[in-house]
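One structure below.
The values are calculated or read from the model by the stated rules, or taken from the named source; none is laboratory data. Predicted model only: the values in this text are computed from it and were never measured. Ideal geometry is used to build each Cβ from the backbone, glycine not excepted, and the neighbour counts take in all protein chains shown. Just the protein is used for accessible areas: all its heavy atoms, side chains included, with ligands, DNA and RNA removed. Shrake-Rupley method; radii C 1.70, N 1.55, O 1.52, S 1.80 Å.
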2 protein chains.
Amino acid sequence: MHIGKDAILGCEKQFRTNLINSVSGFKSASLIGTISAEGRTNLSLFSSVIHVGANPPLLGLLMRPLPGERHTYRNIRRTGCFTVNHVTEAIFRKAHQTSARYPEDVSEFDACGLSPEFSGIHTAPYVKEAAIKIGAAYREEHEIAANGTVFVVGEIVEIMIPEGMAGEDGYVDLEKAGSIAISGLDGYHSTNRIARLSYAKPGTEPKELH
Amino acid sequence: MHIGKDAILGCEKQFRTNLINSVSGFKSASLIGTISAEGRTNLSLFSSVIHVGANPPLLGLLMRPLPGERHTYRNIRRTGCFTVNHVTEAIFRKAHQTSARYPEDVSEFDACGLSPEFSGIHTAPYVKEAAIKIGAAYREEHEIAANGTVFVVGEIVEIMIPEGMAGEDGYVDLEKAGSIAISGLDGYHSTNRIARLSYAKPGTEPKELH
């Protein structure tokens, strides 16, 4: 099935939204926790968190110019911090529900039945029920001229991982920790590890790591 | 297990690389196909492809200042186009092998046993053995000041999807198409759909979509 440029631009809006949101591949499932200058907590589901670099430790996420994400963005700019909390199968329905358009004076923590938790290192709230949790400090942003979205980069300032999920080589077993993946706008997936492969070198078959 | 900023910065390089590459969550697994001005094909595995927007249809990927990715970047800038080819379980070992540092005059297609395929719409090569395939035109780039990586944005100009994988609402069943996910630097995962959930609205429980 071939879909050309004219067909993509010509298709019905919701069809195109689902299609283009799907074809980029599997995505991370993260709840971004922030707090306003007035102390109001906010929680929003993102599927655009990506690795940016290990030294300094950086991650990035794309924010869309939508009302829900505007609260998150404004809080990050005002307070300089945010948390990234991995969604698990146990909380994916609540995580999905944070994407509903709640009024500004409603915290998605309360509305969706999740518990804020604070580390003392910064003011942004973590999600108590999440597995892997990351605290990040705002570093920089880049506006995408083509559609007005903003790529925000944060520096990782602390990481919380359930006991026994990080190996001796630093690899974190996301599957064992229960982290899930997203497809499209609304598909949630658990995973099965096929293999870990050794560092690739020309002329050598990669080996499985155990 | 709590890892603070000093512990992150103080840990051994490979440990930190594995740790930080893992904690951002599951990632897409894509082979980026490009061609040089002289007609030499290039193929490189990326786990940073993300959705940027549906209208216009955009995706983005983060490129690191490494030798392998420099060929990809240079080809994209010279020719203005690239392809995104979803990795499947059938080709993940070959896909991983493209990340080995081959000399510039070696095509990873030949070295790793994958077949280039051309659509006629642009010059960049697709991977015949891949499932979902996307052709993209270079639109813009943003250098991340914190570490010198570059976020490249491309506009989707064509999409190839195996027959029967796209639903009536435009959602593409990545799992059925065999697309896989990556964790860390070297973990490959197949997926099991938990559910698709309906559009979230305040005060309403999301329903499962079938």
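Remark: pairs (first residue in the stretch A:134-146, touching a residue at least 60 places away in the same chain (Cβ under 8 Å); second residue open to solvent by 30 Å² or more (accessible area, probe 1.4 Å); Cβ separation under 6 Å; 6+ apart in sequence or on different chains) = A:Arg139/B:Ala146. Tell me, which residue of the stretch B:172-187 that is part of a helix (DSSP H, G or I) and more than 7 Å from every other protein chain (Cβ to nearest Cβ) is surrounded by the most Cβ atoms within 10 Å (Cβ to Cβ)? If we take residues in the stretch B:172-187 being part of a helix (DSSP H, G or I) and more than 7 Å from every other protein chain (Cβ to nearest Cβ), then B:Ala177 is surrounded by the most Cβ atoms within 10 Å (Cβ to Cβ).
When you go through A:Ile159, A:Ile91, A:Ile76 one by one, which is the residue that is among the aliphatic types (A, V, I, L, M), at pLDDT 95 or above and under 17 Å from B:Ala200 (Cα atoms)? Before the answer, list the steps.
Values: A:Ile159 fails: under 17 Å from B:Ala200 (Cα atoms); A:Ile76 fails: under 17 Å from B:Ala200 (Cα atoms).
Matching residue, one of A:Ile159, A:Ile91, A:Ile76: A:Ile91.
Looking across the stretch B:115-130, the residues that are surrounded by fewer than 20 Cβ atoms within 10 Å (Cβ to Cβ) and either of a type in the set (Gly, Ala, Ser) or outside any loop (DSSP other than H, G, I, E, B) (or both) come down to B:Ser115, B:Pro116, B:Glu117, B:Ser119, B:Gly120. Considered as a group, the residues in the stretch A:101-120 that are at pLDDT below 95 and touching a helix residue (DSSP H, G or I) at 6+ places or on another chain (Cβ under 9 Å) include one that is farthest from A:Asp173 (Cα to Cα), and that residue is A:Glu104.
Within the stretch B:188-209, residues that are free of Cβ contacts under 8 Å to residues at least 40 places away in the same chain and at the interface with chain A (Cβ under 7 Å from one of its Cβ atoms) sit with their Cβ atoms under 6 Å from residues that are polar (S, T, N, Q) and assigned to a strand (DSSP E or B), at 6+ positions apart or across chains, in these pairs: B:Thr191/A:Thr191; B:Asn192/A:Ser190; B:Ile194/A:Ser190.
Considering the stretch A:45-66 alone, what residues qualify as being open to solvent by 10 Å² or more (accessible area, probe 1.4 Å), more than 7 Å from chain B (Cβ to nearest Cβ) and either touching a Ser or Thr at 6+ places or on another chain (Cβ under 9 Å) or among the charged types (D, E, K, R) (or both)? Selection gives A:Leu45, A:Ser47, A:Arg64, A:Pro65. The criterion of being of a type in the set (Ser, Thr, Tyr) and free of Cβ contacts under 8 Å to residues at least 24 places away in the same chain holds for A:Ser115. Residues in the stretch A:22-43 that are surrounded by fewer than 24 Cβ atoms within 10 Å (Cβ to Cβ) and touching an Asp or Glu at 6+ places or on another chain (Cβ under 9 Å) were compared, and the one that is nearest to B:Ile182 (Cα to Cα) is A:Thr41. Could you please give the count of residues in the stretch B:1-10 that are touching a helix residue (DSSP H, G or I) at 6+ places or on another chain (Cβ under 7 Å) and more than 7 Å from every other protein chain (Cβ to nearest Cβ)? Adding up the residues that qualify gives 0. In the set A:Gly53, A:Gly39, A:Gly25, only one residue is closer than 30 Å to B:Val157 by Cα, in a loop (DSSP other than H, G, I, E, B) and more than 13 Å from the chain's Cα centre (by Cα); that residue is A:Gly25. Report whether or not A:His71 is closer than 27 Å to B:Gln14 by Cα and without any contact (Cβ under 8 Å) to a residue 60 or more places away in the chain. No.
Please determine whether any residue of the stretch A:71-82 is in a strand (DSSP E or B) and within 22 Å of B:Phe26 (Cα to Cα).
There is at least one residue in the stretch A:71-82 that is in a strand (DSSP E or B) and within 22 Å of B:Phe26 (Cα to Cα).
Criterion first (surrounded by fewer than 22 Cβ atoms within 10 Å (Cβ to Cβ), out of contact with any Phe, Trp or Tyr (no Cβ under 7 Å at 6 or more places or on another chain), over 24 Å from B:Tyr188 (Cβ atoms) and at pLDDT 95 or above) does A:Arg70 satisfy it? Reasoning before the result, please.
Numbers: surrounded by fewer than 22 Cβ atoms within 10 Å (Cβ to Cβ): yes; out of contact with any Phe, Trp or Tyr (no Cβ under 7 Å at 6 or more places or on another chain): yes; over 24 Å from B:Tyr188 (Cβ atoms): yes; at pLDDT 95 or above: no.
When the stated conditions are applied, A:Arg70 does not pass them.
Tell me yes or no: at least one residue of the stretch A:142-153 is more than 7 Å from chain B (Cβ to nearest Cβ), in contact with a helix residue (DSSP H, G or I) (Cβ under 9 Å, 6 or more places away or on another chain) and either at pLDDT 95 or above or over 27 Å from B:Ala90 (Cβ atoms) (or both). The answer is yes, given that some residue of the stretch A:142-153 is more than 7 Å from chain B (Cβ to nearest Cβ), in contact with a helix residue (DSSP H, G or I) (Cβ under 9 Å, 6 or more places away or on another chain) and either at pLDDT 95 or above or over 27 Å from B:Ala90 (Cβ atoms) (or both). Tell me yes or no: at least one residue of the stretch B:101-111 is at the interface with another protein chain (Cβ under 9 Å from one of its Cβ atoms), in contact (Cβ under 8 Å) with a residue 24 or more places away in the chain and open to solvent by 40 Å² or more (accessible area, probe 1.4 Å). Yes, that holds for at least one residue. Residues in the stretch A:131-156 that are in a loop (DSSP other than H, G, I, E, B) and open to solvent by less than 10 Å² (accessible area, probe 1.4 Å): A:Ile132, A:Ile144, A:Thr149. Filtered by the rule that a residue be under 19 Å from the mean Cα position of the chain (by Cα) and open to solvent by less than 20 Å² (accessible area, probe 1.4 Å), the stretch B:158-171 gives B:Glu158, B:Ile159, B:Ile161, B:Tyr171.
Kindly indicate whether any position in the stretch B:82-100 is within 16 Å of the chain's Cα centre (by Cα), more than 21 Å from B:Ala137 (Cα to Cα) and of a type in the set (Gly, Ala, Ser). So that I can check it myself, show each step before the final result.
Narrowing the stretch B:82-100 to residues within 16 Å of the chain's Cα centre (by Cα): B:82-89, B:91-99.
From what is left, the residues that are more than 21 Å from B:Ala137 (Cα to Cα) are B:88-89, B:91-99.
Right, trim to of a type in the set (Gly, Ala, Ser) and you get B:95, B:99.
The answer is yes; a qualifying residue exists.
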